[in-house]
Structures are given as C-alpha cells and as structure tokens.
1. Tally time: how many residues in region 42-68 are within 16 Å of the ligand (Cβ to nearest atom), under 20 Å from the mean Cα position of the chain (by Cα) and surrounded by 13 or more Cβ atoms within 10 Å (Cβ to Cβ)?
2. Cβ-Cβ under 6 Å, sequence separation 6+ or interchain: first residue in region 1-19 and over 21 Å from residue 48 (Cβ atoms), partner modelled with pLDDT of 95 or more and within 15 Å of the ligand (Cβ to nearest atom). Which pairs?
3. Every residue in region 32-60 that is in contact with a strand residue (DSSP E or B) (Cβ under 9 Å, 6 or more places away or on another chain) and without any contact (Cβ under 8 Å) to a residue 12 or more places away in the chain, please.
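The values are calculated or read from the model by the stated rules, or taken from the named source; none is laboratory data. These numbers come from a predicted model, not from an experiment. So basically every Cβ, Gly included, is an ideal-geometry build from the backbone, and we count neighbours across all protein chains shown.
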Ligand SMILES: [Zn+2]
C-alpha cells in the first residue's frame, strides 16, 4: 500500500485522497505519433505529479510530488521478438 504521510502530524493518506485521477494521468486531447509509433507531440494536459493538500488533522499545507514509473512485462513475447545471440565466433583476416 502506498501512503502519503503528513510531515507534521504523521496522518496517513492514500494517493486517491490527494490526487485527482484525471489530472494525475493527464488529459491529452490529441496525440500525434510517427509512423513507427513514437509520440511526436500532443495537445491537452500533461500529467500533474505535484499537488497541494491541507492536512485534515493539523491543517499543515503539504506539497506532494509523485515519482511515477511504468514497466511492460517482456517475459511472454512472441518468438519472433526474442533476440537470439549468435554463438559462433567471427574471424577476420589480417590483410
Ligand atoms: Zn498533519
């Protein structure tokens, strides 16, 4: 469980109590990608990882920053996407 803790009174909050899901993930209106699938640019709102919240218990104003990482499971790729390492060695002539 990820908790956000008030630095003054140690009150605990879940991220959903402090962040607005739609603001947190961003709200792009149009996403333009290259032919290879790379994001070229987008319009609309980027992710909002910084939020201000007044503690319900001690009234301290907290600035909360999120550090987000995503990972994609690559353990079950189709065989055509698995790189095979060549075991034979390459010999070069000295001439
Ligand atoms: Zn507090």
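1. Total satisfying the criteria: 2.
2. Partner pairs satisfying both residue conditions: 8/58; 8/60; 9/57; 9/58; 11/55; 11/57; 12/3; 12/5.
3. If the condition is that a residue be in contact with a strand residue (DSSP E or B) (Cβ under 9 Å, 6 or more places away or on another chain) and without any contact (Cβ under 8 Å) to a residue 12 or more places away in the chain, then 32, 33, 34, 39, 40, 41, 54 are the ones that fit.
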